[in-house]
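The values are calculated or read from the model by the stated rules, or taken from the named source; none is laboratory data. Please read these numbers as outputs of a predicted model, since none were measured by experiment. Here the Cβ is made from the backbone with ideal geometry for all residues, glycine too, and neighbour counts use every protein chain on show. Ligands, DNA and RNA are stripped out before the accessible areas are found, and what is left, the full protein with its side chains, is counted by its heavy atoms. Shrake-Rupley method; radii C 1.70, N 1.55, O 1.52, S 1.80 Å.
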Amino acid sequence: MMHTCKEKFYEFLQEFGIGRSMVLSTSLNDRVTSRMMSVVQKNGVFYFQTDRTFRKYEQLIGNANAALCTDNIQIEGICEELGHPKECPEFCEVFAQRFSKSYAHYSGLPNERLFRFQPKRIERWIYEGDRALVEVMDVEHETYTRTPYEI
């Protein structure tokens, strides 16, 4: 049965839920860094907040390309700063629901900034019985592949 990228992306979002702790990787001037982040998802777009005095903020402003990773999921995408988290009620609602302590401690701080992460490519390893498959959703080009991993 053939699946469209949109169908698989929708299924993926349902499995992902409203948020997870994820590793965010950013880079600037050939220097790559990674750190754990509290990430929420709404309508197929991912959001996170950070302090504008941190290295990751400087990297994101200088290079909007970033990656998120958790478990068997790798997501490549483009980040855009949206302003202060409290200026985005849609984000605050879901972030407060999923990460209530982080919301209470950090979202109101003056240096906090909200980023939107628009996914371009999602790759994950999935298993059917003993068979390993690599699933790729190219959200940007609307293509979907599921390829057996052969040794």
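Can you run phi through the Karplus equation (6.51, -1.76, 1.60; θ = phi - 60°) for segment 44-56 and list ³J(HN,Hα) in whole Hz, with x for Gly and Pro?
Couplings: x, 10, 9, 9, 8, 10, 8, 7, 6, 8, 8, 4, 4 Hz.
Cα to Cα, under 16 Å, and not fewer than 8 places away if on the same chain: which lysines meet these conditions relative to Lys101?
Lys86
Loop by DSSP (not H, G, I, E, B), at most 16 other beta-carbon atoms within 10 Å: where is the longest site-free stretch of the chain for GluC sites (Glu not before Pro)?
Values: sites that count: Glu140, Glu142, Glu150.
It runs 1-139.
Check which residues have an amide H placed less than 5 Å from Gly19's amide H, if you skip close sequence neighbours.
The answer is Gln41.
Taking the Cα-to-Cβ direction at Glu140 and at His3 and moving 7 Å from each Cα, how far apart do the two end points lie in nm?
Computed distance between label sites Glu140 and His3 equals 2.2 nm.
Kirkwood Rh, Cα Rg: Rg to Rh for segment 1-77?
Details: Rg = 14.0 Å, Rh = 13.6 Å.
Ratio value, two decimals: 1.03.
Just to confirm the number: angle between the C-alpha axis of helix 89-98 and the first principal axis of the chain, 0 to 90 degrees, nearest 10?
70 degrees
How much accessible surface area, in Å² rounded to 10, belongs to the heavy atoms of Ile61 with a 1.4 Å probe?
100 Å²
So what's the projected area for segment 68-137, the Cα convex hull averaged over all directions, in nm²? If you can, show how the numbers build up before the last one.
Details: hull surface 24.2 nm².
Taking a quarter of the hull surface, the average projection is 6.1 nm².
On the protein heavy atoms, probe 1.4 angstrom, tell me the percent of accessible surface of the chain carried by carbon and sulfur.
Working: 4260 of 8740 Å².
In the chain, the share of accessible area belonging to carbon and sulfur is 49 percent.
Taking the Cβ-Cβ separation of Val45 and Glu150 as r and a Förster radius of 35 Å, what is the calculated FRET efficiency to the nearest 0.05? Walk me through the numbers on the way to the answer.
Numbers: r = 35 Å, r/R0 = 0.99.
Efficiency for this residue pair is about 0.50.
Between Ala64 and Tyr10, how many nm apart are label points set 7 Å from Cα along the C-beta direction?
2.8 nm
Of all alpha-carbon pairs in the chain, indicate the percentage at a distance above 20 angstrom. It would help to have the intermediate numbers written out before the result.
Working: 5707 of 11325 pairs.
So the portion of pairs separated by more than 20 Å is 50 percent.
Under 19 Å between alpha carbons, and skipping anything fewer than 8 positions from Lys6 in its own chain: which lysines qualify?
Here the lysines satisfying the reach criterion relative to Lys6 are Lys42, Lys120.
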